[in-house]
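Report on one structure; see the data block that follows.
The values are calculated or read from the model by the stated rules, or taken from the named source; none is laboratory data. None of these values were measured; they are calculated from a predicted model. Cβ placement follows ideal geometry from the backbone for every residue including glycine, while neighbour counts extend to all protein chains displayed.
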Amino acid sequence: MPSRQGALTVVAEVKPELKTSLLVLLNAIVDADVEETDLFPFKALSTIHFARWLVLDDRRGRWRGPLDHPPRPLLLILSTNYDGSLKDHLSELVQIAGPGLGRVLGHCVGFPSQGMRTRDSVLKYLKQHSIKPATFYRGAPGRTVTQIKYEAELREKIEGFLDQNRDNLKDLDPLAVRGRSQEYVAAVFPDDKPPPPTRFKTLKKLLFVIRLLLGVLLHLPLLVLLRRHERRDDQRREAGRVDRLTPAQIRSHNEWIADLARREDHITQNQISNLVPVRPGWYRLVVLRAVLAAIDRLAPVVYDRGQLGGIPTIHFARWVIVGRGRWLLFMSNYDGSWEEYLGAFIDHASHGLTAVWSNTVGFPRTKWLLWEGSRDERAFKDWVRGHQIATQVWYSAYSDLTVRQINQNTAIHAGLYGNLTQQQARMWLRRL
Amino acid sequence: MSALQLEDIQGLTVRAHAGLSRAVFVLLHVRDKKAAGKWLTGLADSVSCGYDRPQERAVQIAFTYAGLKKLGLDPVLLAGFSREFQEGMVTPHRSRSLGDHGDSAPTKWKWGRTKPYDEWESDEQGSDERESDENESDEKESDAQGSEASSVHILLMVYANKKKTLSSWLEELLPDPKVNDSGVERIDTLKSRMLPGNKEHFGFHDGISQPRIAGLKRCAAPQNTIAPGEFVLGYLNEYGYYPDSPTIEEKVKEDEKETDDPASELPRCRWNTAVRDFGANGTYLVFRQLKQRVRDFWAFLDKRAESDVPPHETDAERQAYRGKLAAKMVGRWPSGAPLVLAPDRDVYPQLAEIEEEMAAAEESGDDQRVAVLKDARKVLLDTTGAHMFGYYEGDPDGVACPFGSHLRRANPRDTLIDDDEHTPTDKNIKHRLSAVRITRHHRIIRRGRPYGKPVQDWMHEDGSIEPDRVIAKKRDPRELGLHFIGINADIARQFEFIQHAWLNQSRFPAVANEVDPILGDADPDDKRQDGTFTAPSNLVRTRVEDLQRWVQVKGGAYFFMPGIRAIRYLGAVAGAK
């Protein structure tokens, strides 16, 4: 059985008077080096792939476009991507990171006070405050942190073996090279077992397609209203448009982006957190929920090879609706640079993203839910940066692996087992 | 699509001035705004435009953000430039993503530090990328370099066919301040000269497969013909939108006595005709001085060849292995023949056939046939053979041209998206097309020029080099390198993207733990990019380890190369009181 990967999102309301102290504490975690800090022992948590602490600041966002939305809620988010069941994950969190959790969440409304803080009361608080993401995507489904790290090591070892024995191996056919590698692995990793399958069966896919079609039929009546809403949004945008931003506004926008950029490109992966108000009215919220639910169900079945709509660089991504249906929070862990990620959004997943984000404020003009929108490259990138918020603390369990490599490593591992033809062995060897 | 306004676009955008083999790049500092404005107004007439086909000399001009500010450009216009240009090439984040660290760190640059680096350092709180103490003391010493007094404002690019023409014209353009004050001061004069056969100093043919701007009369392969908005502001780009551009409202004259607002000289903005577009027909120009360690490069390859080729083999065998490894890293042979078409030898497969047939035709006196074959030969060398190829059909697994080669990284053509089971199927055709489409968003026009006199000891007259003679030396006799010039409309999406996501990223599709073997920021101290290069094969791949950094950054800046009307406007603005 492949392992289950889950997404935990704890949303807690920060006591306004403690906001500064909270930010100071979170910065201290970063300054102490997120992998080594005692304040929050991420590394000791064996089930965590990625984790972040995030304060949704009550400042207004800065972007080009109308500013007619409510101030941001002052919320603290703890987000993790974990292996196994939620119950086990939460107990591990409390068991190992209990004191750190207490120190951070102690800044929030309703968190058990010092004297009342028991294992059970903290667990109860976490459960009560966790929200199920509307959409959750996994780039390397079914693999635990342990497996990912193990397979990376396995690959390294096989590569080293090939390098050291190059002179003996270079004239052998692929099957023979694989045979030698198998012998080597058996000697070095005597307990090695074939990796569990990571993909769904065809029957399950078929069932899914039927369900999806039913879902689309159910939502058809909504589409009748769609263009009307889009036109109205266009008019609103025109009316509320600030024709020219002043140089000072542009400067502050640029400083905002520079502040986000300085947190990026330190390791192989990057993170993004993006918070944007949902357009007012019931209609947009219903459409948004429907689209998010569709992607949520689509992702594990259709995009089960580490490519979300053709984007091969996303480890985990999620959309969560917070603040009583008024805000849409997007969090993602991806490979490569921001510019690359956003480019992939536009090139591969424009329709899907437009379908989601055109229900939120300030998004570039959209037609029929799927068209235009994020195709307006400059406007879309500005919009994303304008609504992006700084991620105070961010942790990655394998800071030098891409989604592609994780999937490749599993394929290399799996290729050590079973009978292969000469051609299949050649394909296997090319992954190394 | 609107026609390109070639009379306003600076010539360098559309042509390389290949006939003008000498060039100097003069870095200027504006000392006196008003005098500089007058000088600029005078210079505007000499700047070559897209229509000119200069035979003897040409001049182009570009400005840094600091320069435009110093010249008094309106704050509204200044705010309209892209963030990358406003911040400049030197910020901690940018140095990180462009790979400007170690020996290439801006603290060690000869020129181009726009702001004292330690000032940026203090901006970057909470970063774990702090420089070591040693570097910090370094910074303080060289602080003057980055100070306002010597910051680069203008890049004057002067081209000529002869050395003499060049120096006389340079004098004309930049008169002695005692005779005629131009208001600008020289910071540095970067000389350059083309190497024979369009080579660069490692010995490879450079500047092949340039993107062509759609709308120019010259024809090119469709996959190399790119929307003008990718290289010139004021035109639609590959997404079908106009690139961002600095625009300004024209001041309305209140009475007749007032002079015309110089902004009325500027072209109207294409997407909002109510305003004037300073950026129209202009473009961003990325300049980097790249030093090449030629001797170290070849010595490394030689050492590797020695350990890989069994000792009983001949010297010729070892040399062939070394040459092939170099070609694998570059992706082309020294002549420019791409590995994907010529996987084993530095010769186009069809070339021999054509030449054989040509000899036969010459013998039989069939002039017509000879002429046809001559054309075929030219087409093969200049177009089809040089850049009309993809990787997908001929080389999906990188056996001929490795995924990690410089050529395949800098322009992945049709194999950007990696598909594990990439055997050509219908489904994969879709992938291929989408890869082609994506690659089009990340192209630049390269106008770089080599610097450093060709080394006679090892370079032949046709520009090819003799690696054995290179290796025999202890070091390069003088500094050799390339003044890299890249032209693009969006620095972040084009130049920076290529440099960061394609060249420096150690996890580029289909490679692991590698950076570009020629231009990448290999760093032996960083496990993630410790300088490995993999050449796939049908059997066990060849993995080369411990690559060094053979190309070192010595300076650089982001410039804006305005349209000619915009230069006049700038001159008028600066020259006014």
Looking across segment B:63-88 at residues that are away from chain A (no Cβ under 14 Å) and more than 20 Å from B:Asp181 (Cα to Cα), the single one that is farthest from the chain's Cα centre (by Cα) is B:Ala66
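Anything in segment A:5-38 that is over 21 Å from A:Phe330 (Cβ atoms) and either surrounded by 20 or more Cβ atoms within 10 Å (Cβ to Cβ) or not assigned by TED's automatic domain parsing to the domain that holds A:Arg72 (or both)? List them, or say none. Reasoning before the result, please.
Of all residues in segment A:5-38, those over 21 Å from A:Phe330 (Cβ atoms) come to A:15-25, A:27-38.
Passing the criteria: A:Leu22, A:Leu25, A:Ile29, A:Val30, A:Val34.
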Given the conditions (1) assigned to a helix (DSSP H, G or I); (2) under 22 Å from the mean Cα position of the chain (by Cα), every one holds for B:Pro412 apart from (1)
ask   = Looking at this structure, is A:Thr135 modelled with pLDDT under 95, surrounded by fewer than 16 Cβ atoms within 10 Å (Cβ to Cβ) and within 21 Å of the chain's Cα centre (by Cα)?
value = no
Quick count over segment B:187-196, residues being crowded, with 20+ Cβ neighbours inside 10 Å and farther than 19 Å from B:Gly556 by Cα, is 2
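Sort out which residues of segment B:339-369 are within 30 Å of B:Gly404 (Cβ to Cβ) and among the acidic types (Asp, Glu), and write them in order of number. Explain how you work it out, then say what you get.
Here is the first cut: in segment B:339-369, the ones within 30 Å of B:Gly404 (Cβ to Cβ) are B:339-352.
Once the filter is applied, which keeps residues that are within 30 Å of B:Gly404 (Cβ to Cβ) and among the acidic types (Asp, Glu), segment B:339-369 yields B:Asp344, B:Asp346.
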Screening A:Trp327, A:Trp371, A:Trp357 for residues that are surrounded by fewer than 24 Cβ atoms within 10 Å (Cβ to Cβ), touching a residue at least 24 places away in the same chain (Cβ under 8 Å) and hydrophobic (A, V, I, L, M, F, W, C) leaves only A:Trp327
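Report, by residue number, each residue of segment B:302-348 that is among the aromatic types (Phe, Trp, Tyr) and either without any contact (Cβ under 8 Å) to a residue 12 or more places away in the chain or within 18 Å of B:Pro517 (Cβ to Cβ) (or both).
Scanning segment B:302-348 gives B:Tyr321, B:Trp333.
Quick one: would you say B:Phe484 is among the aromatic types (Phe, Trp, Tyr), more than 8 Å from chain A (Cβ to nearest Cβ) and surrounded by 24 or more Cβ atoms within 10 Å (Cβ to Cβ)? Don't jump to the end; show me each part of the working.
Values: among the aromatic types (Phe, Trp, Tyr): yes; more than 8 Å from chain A (Cβ to nearest Cβ): yes; surrounded by 24 or more Cβ atoms within 10 Å (Cβ to Cβ): no.
So B:Phe484 does not fit the description; no.
Does A:Ala344 meet the test of being crowded, with 21+ Cβ neighbours inside 10 Å and either within 14 Å of another protein chain (Cβ to nearest Cβ) or touching a Cys at 6+ places or on another chain (Cβ under 6 Å) (or both)?
Values: crowded, with 21+ Cβ neighbours inside 10 Å: yes; either within 14 Å of another protein chain (Cβ to nearest Cβ) or touching a Cys at 6+ places or on another chain (Cβ under 6 Å) (or both): yes.
For A:Ala344, the condition - crowded, with 21+ Cβ neighbours inside 10 Å and either within 14 Å of another protein chain (Cβ to nearest Cβ) or touching a Cys at 6+ places or on another chain (Cβ under 6 Å) (or both) - is met.
Conditions (1) modelled with pLDDT of 90 or more; (2) under 20 Å from the mean Cα position of the chain (by Cα); (3) buried (at least 23 other Cβ atoms within 10 Å of the Cβ); (4) aliphatic (A, V, I, L, M), marked per residue:
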| site | (1), (2), (3), (4) |
| --- | --- |
| B:Ile518 | yes, yes, yes, yes |
| B:Asp525 | no, no, no, no |
| B:Asp530 | no, no, no, no |
| B:Phe533 | yes, no, yes, no |
| B:Asn538 | no, no, no, no |
| B:Glu545 | no, no, no, no |
| B:Val553 | yes, yes, yes, yes |
| B:Tyr558 | yes, yes, yes, no |
| B:Pro562 | yes, yes, yes, no |
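Taking segment A:261-282, which residues are hydrophobic (A, V, I, L, M, F, W, C), in contact with a helix residue (DSSP H, G or I) (Cβ under 9 Å, 6 or more places away or on another chain) and surrounded by fewer than 18 Cβ atoms within 10 Å (Cβ to Cβ)?
Filtering segment A:261-282 for residues hydrophobic (A, V, I, L, M, F, W, C) gives A:261, A:267, A:272, A:275-276, A:278, A:282.
Among the residues that remain, those that are also in contact with a helix residue (DSSP H, G or I) (Cβ under 9 Å, 6 or more places away or on another chain) are: A:261, A:267, A:272, A:275-276, A:278.
The answer is A:Ile267, and nothing else.
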Reported set for segment B:491-515 where residues are at pLDDT below 95 and among the charged types (D, E, K, R) is B:Arg507, B:Glu514
Picked from segment B:235-266 (must be surrounded by 18 or more Cβ atoms within 10 Å (Cβ to Cβ), in contact with a strand residue (DSSP E or B) (Cβ under 6 Å, 6 or more places away or on another chain) and not in a helix (DSSP H, G or I)), the residue farthest from the other protein chains (Cβ to nearest Cβ) is B:Leu266
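Check A:Gly115, A:Gly142, A:Gly100, A:Gly106 and return the single one that is exposed (fewer than 15 other Cβ atoms within 10 Å of the Cβ) and out of contact with any His (no Cβ under 6 Å at 6 or more places or on another chain). Step through it out loud before you land on a result.
Numbers: A:Gly142 fails: exposed (fewer than 15 other Cβ atoms within 10 Å of the Cβ); A:Gly100 fails: exposed (fewer than 15 other Cβ atoms within 10 Å of the Cβ); A:Gly106 fails: exposed (fewer than 15 other Cβ atoms within 10 Å of the Cβ).
The unique qualifying residue is A:Gly115.
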Picked from segment A:158-185 (must be surrounded by fewer than 17 Cβ atoms within 10 Å (Cβ to Cβ) and away from chain B (no Cβ under 14 Å)), the residue nearest to A:Ala299 (Cα to Cα) is A:Gln182
Okay, helices (runs of 4 or more DSSP H) sitting entirely in segment B:299-388 with 1 or more residues that are closer than 30 Å to B:Ala472 by Cβ and not small (Gly, Ala, Ser), I get B:315-330
Scanning segment A:412-425 for residues that are over 22 Å from A:Pro190 (Cβ atoms) and part of a helix (DSSP H, G or I) gives A:Gln422, A:Gln423, A:Gln424, A:Ala425
Note on segment B:13-30: residues of a type outside the set (A, V, I, L, M) and either touching a Gly at 6+ places or on another chain (Cβ under 6 Å) or not in a loop (DSSP other than H, G, I, E, B) (or both) are B:Thr13, B:Arg22, B:Phe25, B:His29
Within segment A:347-385, of all residues that are within 13 Å of chain B (Cβ to nearest Cβ) and assigned to a loop (DSSP other than H, G, I, E, B), the one farthest from the chain's Cα centre (by Cα) is A:Arg365
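Has segment B:179-196 got any residue that is polar (S, T, N, Q) and at pLDDT below 75? Write out each step before concluding.
Within segment B:179-196, the subset polar (S, T, N, Q) is B:180, B:182, B:189, B:192.
Going one step further and asking which of them are at pLDDT below 75, we end up with none.
No.
Can you tell me which of B:Lys199, B:Lys217 is surrounded by 18 or more Cβ atoms within 10 Å (Cβ to Cβ), more than 24 Å from B:Arg83 (Cβ to Cβ) and either within 14 Å of chain A (Cβ to nearest Cβ) or not β-branched (Val, Ile, Thr) (or both)?
Working: B:Lys217 fails: surrounded by 18 or more Cβ atoms within 10 Å (Cβ to Cβ).
When all the criteria are applied, what remains is B:Lys199.
Could you grab me the full set of residues in segment A:386-424 that are of a type outside the set (Gly, Ala, Ser) and within 10 Å of another protein chain (Cβ to nearest Cβ)? Spell out how you get there, then give the answer.
Of the residues in segment A:386-424, the ones of a type outside the set (Gly, Ala, Ser) are A:387-389, A:391-395, A:398, A:400-410, A:412-413, A:416-417, A:419-424.
Within segment A:386-424, A:Gln392, A:Asp400, A:Leu401, A:Thr402, A:Val403, A:Arg404, A:Gln405, A:Asn407, A:Gln408, A:Asn409, A:Gln423 meet the criteria.
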